[in-house]
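Report on one structure; see the data block that follows.
Rule-based calculations on the coordinates, nothing more; no lab input. These numbers were taken from a predicted model, which means no experiment stands behind them. No Cβ is skipped: glycine too gets one built from the backbone with ideal geometry, and neighbour counts run over all protein chains shown.
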Amino acid sequence: MSPGVQGTVVLVATLLMLMSGVPVAFGLGAVAIVFLVIFHGFDSLRVVAETFYGGLNDFTLVSIPMFVMMGAAIGSSPAGKDLYEALDRWLYRLPGGLVISNLGACALFAALTGSSPACCAAIGKMGIPEMRNRGYPDDIATGSICAGGTLGILIPPSITLILYGIATETSIGRLFLAGVMPGLLLTGMFILWTVFLVWKRGIRTHAAHFRYSWKQKFQSIPKVAPFLAIVVGVMYVLYGGVATPSEAAGVGAALCVASAVLIYRMWRPKAWLGILLGTTRESVMILMIIAAAVLFGYMLTSLYFTQTLAQAIADMQVNRWVLMALINIFLLVMGCFIPPAAIILMTSPILLPIITAAGFDPVWFGIIVTINMEIGLISPPVGLNIYVINGIAPEVPLMEIMRGAIPYVICMMLAIVILSVFPEIATWLPNQMMGQVR
């Protein structure tokens, strides 16, 4: 059986396994082990444990549970509610000010947690009922939070970018910096679309005479300022060369825990037990996926699938932008069925030599991949954020949530086009702060 046929069989089996609902780590591991045995015999099992362990034998991985705990400490506190209220008091007079407040809160909360579902849940629980009570249509109320939540995997610190950096051996510091400007670009595009839609529908949410006083506006700042200062501090020590990603993540997690205790009086052991359990559960899940993906990658390499695919693409001799369009279509389709972590860990090692040979910047490509993953988060049938929002507002039909999210999907696709035309949006900041890659 040729490598191409073997690869096709593996691909079909993997998609069927992941679409069956089996946990991603177990699905990837099972497929890898079964095909190693089928094509190389039982002797190949000798390398399974070593390869699995080798996938986790990287000190950079320590940053993942630290960033997860950082997000869990903030997500379990009223920080999301306070962010939302602070922005609402400052933006309430703009058309669609409440939706803009929610999108802004999502962007800021994304910088604190790095998790899209956590961002959706934290801001959505407060924002969706408030928007519906003030007369916003269900599609705007739910679709905007769906889209805003996706910013959690783009705006640093981002676990998705960490996974891409580990899978491709790309600087995580550069990836974090590269995510800043595209994250702001996407936030701005979401806001512009929302303002246009609210203006077109003629929606008003406050009485003409309603005003927040300056005192009320400034009263909303003190509680959220320490958390934002922590994010700025983590970024500074990371990009200033003061600390490694793992050290910066550890300090950030410790400061977020201390801030949650001091600001919100989270003293009860029960609350902290929930935070520790949630952190452990999510961290182990991510690390298991990483180890299983490394084993899966070893299996693909041993079958010469990756080499055959790379050679086949190279032999196509198509324009590099046609190649990039095909890769984007492939990632978009994958994102509709498979979670982002699995896609990045499965495909990045395969795609990296292809895109570098075509002359594309791996850091820039990491941002393109991440935006594709964002689209997958609000695209059926997986669409994790859609189901998170449906859990928060079960009375809103699922199709209504999807209808509200579709325009934001188009915004993300447009952002990919803009970044393709102007790659400096992603590469300028890391080049300025960390120097050109030679």
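Before moving on, here are some points about what is shown:
- With 0.36 nm allotted per residue and the present C-alpha distance subtracted, the Ala271-Met434 stretch has 54.7 nm of extension available.
- Degrees between helix 245-264 axis and first principal axis of the chain (Cα, 0 to 90, nearest 10): 30
- When the inverse distances between all different Cα atoms of segment 59-434 are averaged and flipped, the Kirkwood radius reads 21.2 angstrom.
- Reach of Lys217 by Cα under 16 Å, taken over aspartates and glutamates that are not fewer than 8 positions away in the same chain: Asp82, Glu85, Asp88
- Neighbour-count ranking [beta-carbon atoms within 10 angstrom, fewest first] of Lys217, Lys200, Lys125: Lys200, Lys217, Lys125
- Loop-exposed chymotrypsin sites (Phe, Trp or Tyr not before Pro) per DSSP, neighbour cap 13 Cβ within 10 angstrom, longest uninterrupted part of the chain: 1-209
- Here's the list of lysines a cross-link from Lys270 could span, going by alpha-carbon distance under 22 Å and ignoring same-chain residues fewer than 8 apart: Lys81, Lys125.
- Taking the chain and dividing mean pair separation by its residue count, relative contact order in percent (alpha carbons under 8 Å, at least six apart): 26
- Hypothetical label at Phe422: residues of segment 157-191 whose amide nitrogen lies under 17 Å (7 Å Cα-Cβ projection): 178-191
- Springs between Cα atoms under 10 Å define the GNM used for the chain, and in it the highest mean-square fluctuation of Gly274, Gly183, Gly202 occurs at Gly202.
- Nearby aspartates and glutamates by direct alpha-carbon distance to Lys200 (threshold 20 angstrom, same-chain neighbours under 8 apart not counted): Asp138, Asp139, Glu400
- Placing a pseudo-label 7 Å from each Cα along the Cα-to-Cβ vector at Trp199 and Asp58 gives an inter-label distance of 4.6 nm.
- The charge dipole of segment 59-434, taken about the Cα centre with unit charges on the Cβ atoms of Lys, Arg (+1) and Asp, Glu (-1), comes to about 1280 debye, rounded to the nearest 20.
- Computed [θ] at 222 nm, helices only, for the chain once each DSSP H run of length n ≥ 4 contributes -39500 (n - 2.57): -25500 deg cm²/dmol
- Computed FRET value (nearest 0.05) for Phe218 with Asn133, which takes r as the C-beta separation and R₀ as 22 Å: 0.30
- Considering only GluC sites (Glu not before Pro) in DSSP loops that have at most 15 other Cβ atoms within 10 Å, the longest stretch of the chain without any of them is 170-394.
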